[in-house]
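Colleague: Dumping the structure here so I can ask a few things about it.
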Amino acid sequence: MAYIRNRTELLTGCQESKEWSPEIDLQYDFVIVYGIDDQMPERIQKFREKGYIVHVMTGCAWGEYQDYLNGKWDGRTHWDESQTDREGNPILHGIEVPYLVPSVSFSNYLSKRLEAAIDAGAEAIHLEEPEFWDNGGYSEAFKQEYRLFYGEEWVAPHTSLEARYRSSRLKVWLYRRLISRVSESVKEYGMKQYGKRIAFYVTTHSLINYTQWKILSPEATLLDIPTVDGYIAQIWTGTSRTANVYAGKYEERTFETAFLEYGAMQELVRTTGRKMWFLHDPVEDFPEYTWEDFRSNYLKTVAASLMHPEVYTYEVCPWPTRVFHGIYPKKMELKSGMAPGEEMEGAKRIPQSYASLLSAITQLLGDMEQKENKFVGTFPKTGIFISDSALYQRTFPDEFSSSKEGVEELNSKLLSLLLKSEEQEIQAEKSRTLMREIGCNKARFYDYIASAAFPQFFGLAMPLIKCGVPARPVQLENIKKDPDYLNMYQLLILSYEYMKPNSPDFHFALSEWVQNGGALLYVGDGSDPYHGVPSWWNTGKKKDKTPAEHLFRSMGLPYSPCDGIYPYGKGYIAVYSVSPASITLSEKAAQQYRDRVHQLAATAGYPFADQNFFCMHRGPYRIVNVMKESVSEAPLSLKGLYCDLLTTDFSIVTEKTLFPGENSILFDFSEIEKEKSKIIGTSARIFSFSCTEREASLTAKAAGGITAKIRIRLPFPVQNVKATDDKDQNVDVCCKWDTQSRSALLSYKSKNQIVKIRILS
């Protein structure tokens, strides 16, 4: 029965650094107690008393680790392990909270401190955010690690392409080492001390976001660590609203970016058997947004996540106390670290409608393991390759950052385009002028490639997403891990202008895939300076200038083929000799790229039709998003008999019209025509449900302070409803019957109590 499940399935969870309270008790499956401070055991016990499975999370790059930093842990201070920039400044997360070089001693510290979490009853450990900043790598601790790893003297990352690439690879390796050591340690402790298997997970941003934000972190390499059981994908409004450029416009594109981010994380674990939870955040770290803004962008991320059906487990909320007890908007108070400061005009607590909606979505997310799922539309199954190596080359050394203005000034210019202080046309002209400047100046173009826009990837992705093609980011490294990994795809897009393959084996696998009927589009002009970094394609007897030359030769093409489409076995390889970043500069450039994709798809026999929406059928659910900046500004109308799950009363509708920028989650009654009884939507957790031809009963519990609502299909019109709580006190329950859907809407004011409800004909 939908919505009724055992907590051990771990379908929904939250993370919380504060104590339990009835307002945050949304009836998840598990709670991740955050922080390994002295109060951690008490907080674990409190949530266990409330019936939750408890995990523990702590940061592995930063945290309140003053005992380690100040010498109380092992007798020596560790401030020298702070990540440090070129000017010698420590890179900070907050006041006296530095990002750390993940040394062996820090690994040992975390391992030992986490033993207390296992002692207190934690079932699993999560290490959060293995992050080494791109502008770091200058501390004495890192220099020492460099000497040990490479067996030679440290070289400043800004001095050459090779130095930066090698430093970046080492940063990733160091966090891989830390995660490997800590995961092995806590698992060994749990088994030896308690005979208990402790699960171990890594909580990390998507590869797309880390690459855009210039943070080095292990992604695909974590799959090589057998003691890592899975991940939480930290994707939320704060990552997905990071702006990018499409058709010459620098804009926030929350849904589209979130779709790509969640897709990258699904691809990371697809075919591996490892666990993945998708994160959503109903608020986010930046406190100056309004509740209306929070809600709008949150729903975009939820809709985007639900369009990746191979993942059906979710961290539904980080910091529920921040959501349900917080007052927004507030000014960002940088002096006190990440905490918000004084209240801004109109600041208020969460609206009741939003609180109820979050409760409903929490329960909805527990019913997403649906066998039947498909996208509406006509297009090939499309993927765009991305690799961990994209992290290594987001910044050019000094010799290539040669424009007078530099990358930071360009980032400022891009950011100014988001400020809607001027008329739209004035902003548009500024944007066009900037894009022309970038396109006409080589040094400026290098700045652009290294900018926060990450145009090399979004240049390939956004023109397809905007035309309704649900293209997934495909993890290049997984080709070697699973020979069948690419079998689900019909069309793949590859560029080595922003990443590099770490072995020629990838090309042999791609060659076989194309021979068997795949269509591959290679985009790139060979202009990326990182092609010259010493590697397998250009060292020893190898003579290729770029890895693309090896790819072409492996498929029987000349090392520098002309643009066009070439047959290879049962499939085709197409070549488009432009830098992917150039595709972002204008609508014309985006359309020319789309034309190449269309031509390849047509040649390979894959039908292709543009549309301005995504619509995913996921069991009885319809997840829909209509996009702006697309092939049409027309609304999308869905006709049928639906329950609108994003309304507080689970409204019954026969037509749902969505305009560009809007999204919806609908329950389609046509999928359950033969079912006499079923829970359609609920903001309370349902623990039991039974139904006969004349009577139904259920047991439910919701967070305190909301009006709980439950819509149920029943085989009879409701005449009477009776309810009591866990103290046998009567509970007032309102009931409204809908004849068309044969469903009842129950509602009651929740005090976070168990409620037993009898429904009579």
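Colleague: Given the structure, is Ala601 crowded, with 17+ Cβ neighbours inside 10 Å and either among the polar types (S, T, N, Q) or closer than 21 Å to Pro380 by Cβ (or both)?
Modeller: yes
Colleague: Quick test for you: out of Ser527, Ser511, pick the one residue that is at pLDDT 95 or above, in contact with a helix residue (DSSP H, G or I) (Cβ under 9 Å, 6 or more places away or on another chain) and outside any loop (DSSP other than H, G, I, E, B).
Modeller: Residue meeting the stated conditions: Ser511.
Colleague: Please go through region 20-63 and pick out each residue that is among the acidic types (Asp, Glu) and touching a helix residue (DSSP H, G or I) at 6+ places or on another chain (Cβ under 6 Å).
Modeller: Within region 20-63, Glu23, Asp29 qualify.
Colleague: For Glu633, are the conditions met, namely being at pLDDT 95 or above, surrounded by fewer than 19 Cβ atoms within 10 Å (Cβ to Cβ) and either closer than 30 Å to Lys674 by Cα or of a type in the set (Ser, Thr, Tyr) (or both)?
Modeller: It is false that Glu633 is at pLDDT 95 or above, surrounded by fewer than 19 Cβ atoms within 10 Å (Cβ to Cβ) and either closer than 30 Å to Lys674 by Cα or of a type in the set (Ser, Thr, Tyr) (or both).
Colleague: If you don't mind, there's one more thing I want to ask. Return the residues of region 695-711 that are under 24 Å from His325 (Cα atoms) and not charged (D, E, K, R); say none if nothing qualifies.
Modeller: Ala700, Ala702, Ala703, Gly704, Gly705, Ile706, Thr707, Ala708 - these are the residues of region 695-711 that are under 24 Å from His325 (Cα atoms) and not charged (D, E, K, R).
Colleague: Residues being surrounded by fewer than 21 Cβ atoms within 10 Å (Cβ to Cβ) and either assigned to a loop (DSSP other than H, G, I, E, B) or in contact with a strand residue (DSSP E or B) (Cβ under 8 Å, 6 or more places away or on another chain) (or both): count how many of those fall in region 491-508.
Modeller: Selection size over region 491-508: 3.
Colleague: Listed residues Pro287, Pro282; which is farther than 26 Å from Phe200 by Cβ, touching a Cys at 6+ places or on another chain (Cβ under 9 Å) and touching a residue at least 24 places away in the same chain (Cβ under 8 Å)?
Modeller: After applying the criteria, what remains is Pro282.
Colleague: Can you run down the residue pairs with Cβ atoms below 8 Å, 6 or more apart or on separate chains, where the first is in region 310-322 and without any contact (Cβ under 8 Å) to a residue 40 or more places away in the chain and the partner is crowded, with 24+ Cβ neighbours inside 10 Å and not in a strand (DSSP E or B)?
Modeller: Cβ pairs passing all conditions: Arg322/Val283.
Colleague: Which condition number in (1) surrounded by fewer than 18 Cβ atoms within 10 Å (Cβ to Cβ); (2) under 21 Å from Ile652 (Cβ atoms); (3) of a type in the set (D, E, K, R) is the one that Glu693 fails?
Modeller: Here Glu693 clears every test but (2).
Colleague: Which ones in region 361-393 are buried (at least 21 other Cβ atoms within 10 Å of the Cβ) and touching a Gly at 6+ places or on another chain (Cβ under 6 Å)?
Modeller: Those that are buried (at least 21 other Cβ atoms within 10 Å of the Cβ) and touching a Gly at 6+ places or on another chain (Cβ under 6 Å): none in region 361-393.
Colleague: Against the definition (surrounded by fewer than 21 Cβ atoms within 10 Å (Cβ to Cβ), modelled with pLDDT of 95 or more and more than 26 Å from Phe47 (Cβ to Cβ)), how does Glu333 come out, yes or no?
Modeller: So Glu333 does not fit the description; no.
Colleague: Output yes when any residue across region 218-230 is of a type in the set (Ser, Thr, Tyr), at pLDDT 95 or above and touching an Asp or Glu at 6+ places or on another chain (Cβ under 6 Å), and no when none is.
Modeller: yes
Colleague: When region 473-488 is examined, which residues are found to be under 17 Å from Pro547 (Cβ atoms) and free of Cβ contacts under 8 Å to residues at least 40 places away in the same chain?
Modeller: The answer is Ile479, Lys480.
Colleague: Taking the condition surrounded by fewer than 17 Cβ atoms within 10 Å (Cβ to Cβ) and either of a type in the set (A, V, I, L, M) or within 21 Å of Ala461 (Cβ to Cβ) (or both), does Ser577 pass?
Modeller: Considered against the rule, which asks whether it is surrounded by fewer than 17 Cβ atoms within 10 Å (Cβ to Cβ) and either of a type in the set (A, V, I, L, M) or within 21 Å of Ala461 (Cβ to Cβ) (or both), Ser577 comes out as yes.
Colleague: Something else now. For Leu585, only one of the following conditions fails: (1) touching a Ser or Thr at 6+ places or on another chain (Cβ under 7 Å); (2) within 30 Å of Leu161 (Cβ to Cβ); (3) of a type in the set (A, V, I, L, M, F, W, C). What is its number?
Modeller: Against the list (1) touching a Ser or Thr at 6+ places or on another chain (Cβ under 7 Å); (2) within 30 Å of Leu161 (Cβ to Cβ); (3) of a type in the set (A, V, I, L, M, F, W, C), Leu585 comes up short only on (1).
Colleague: Name the pairs whose Cβ atoms lie under 7 Å apart, with the first residue in region 523-549 and in the same structural domain as Ser560 (by TED's automatic domain parsing), the second among the hydrophobic types (A, V, I, L, M, F, W, C) and not in a loop (DSSP other than H, G, I, E, B), and 6 or more positions between them or separate chains?
Modeller: Matching pairs, first to second residue: Val523/Leu460; Val523/Ile493; Gly524/Ala548; Gly526/Ala548; Pro529/Leu161; Tyr530/Leu161; Gly532/Leu161; Val533/Leu161.
Colleague: Let me ask something else. Can you tell me which residue in region 607-645 is farthest from Lys656 (Cα to Cα), limited to those that are part of a strand (DSSP E or B) and charged (D, E, K, R)?
Modeller: Once the filter is applied, the top-ranked residue is Arg618.
Colleague: I've got another one for you. Inspect all residues belonging to region 294-301 and state whether any of them is surrounded by fewer than 21 Cβ atoms within 10 Å (Cβ to Cβ), among the β-branched types (Val, Ile, Thr) and modelled with pLDDT of 95 or more.
Modeller: Checked against the condition, which is being surrounded by fewer than 21 Cβ atoms within 10 Å (Cβ to Cβ), among the β-branched types (Val, Ile, Thr) and modelled with pLDDT of 95 or more, region 294-301 yields no hits at all.
Colleague: Still on this structure, please answer the following. Which members of region 418-462 meet the condition of being assigned to a loop (DSSP other than H, G, I, E, B), out of contact with any Phe, Trp or Tyr (no Cβ under 7 Å at 6 or more places or on another chain) and touching a residue at least 60 places away in the same chain (Cβ under 8 Å)?
Modeller: Those that are assigned to a loop (DSSP other than H, G, I, E, B), out of contact with any Phe, Trp or Tyr (no Cβ under 7 Å at 6 or more places or on another chain) and touching a residue at least 60 places away in the same chain (Cβ under 8 Å): Ala452, Phe454.
Colleague: Next question, about the same structure. If I ask for residues that are basic (Lys, Arg) and part of a strand (DSSP E or B), which ones from region 329-380 would you list?
Modeller: Lys330, Lys331, Lys348, Arg349, Lys374
Colleague: Taking only region 71-120 into account, find how many residues are assigned to a loop (DSSP other than H, G, I, E, B) and in contact with a Phe, Trp or Tyr (Cβ under 8 Å, 6 or more places away or on another chain).
Modeller: So the count comes out to 11.
Colleague: A further question follows. Output the number of residues of region 162-203 satisfying the condition of being out of contact with any helix residue (DSSP H, G or I) (no Cβ under 8 Å at 6 or more places or on another chain) and among the hydroxyl-bearing types (Ser, Thr, Tyr).
Modeller: 5
Colleague: Taking into account only those residues within region 552-571 that are touching a residue at least 12 places away in the same chain (Cβ under 8 Å) and part of a strand (DSSP E or B), which is farthest from Gly518 (Cα to Cα)?
Modeller: Ile565
Colleague: I've got another one for you. Of the residues Tyr68, Tyr138, which single one is part of a loop (DSSP other than H, G, I, E, B), assigned by TED's automatic domain parsing to the domain that holds Ile179 and under 23 Å from Arg176 (Cβ atoms)?
Modeller: None of the other options fit; the residue is Tyr138.
Colleague: So Asn89 clears everything in (1) more than 30 Å from Pro397 (Cβ to Cβ); (2) without any contact (Cβ under 8 Å) to a residue 24 or more places away in the chain; (3) not acidic (Asp, Glu) except one condition, right? Which one?
Modeller: If we test Asn89 against (1) more than 30 Å from Pro397 (Cβ to Cβ); (2) without any contact (Cβ under 8 Å) to a residue 24 or more places away in the chain; (3) not acidic (Asp, Glu), just (1) comes out false.
Colleague: Is at least one residue of region 609-619 more than 26 Å from the chain's Cα centre (by Cα) and either surrounded by fewer than 20 Cβ atoms within 10 Å (Cβ to Cβ) or free of Cβ contacts under 8 Å to residues at least 40 places away in the same chain (or both)?
Modeller: Scanning region 609-619 turns up at least one residue that is more than 26 Å from the chain's Cα centre (by Cα) and either surrounded by fewer than 20 Cβ atoms within 10 Å (Cβ to Cβ) or free of Cβ contacts under 8 Å to residues at least 40 places away in the same chain (or both).
The values are calculated or read from the model by the stated rules, or taken from the named source; none is laboratory data. All figures in this text were calculated on a predicted structure; none of them were measured in a lab. Reconstructed Cβ throughout: ideal geometry from the backbone, glycine too, with neighbour counts over all protein chains shown.
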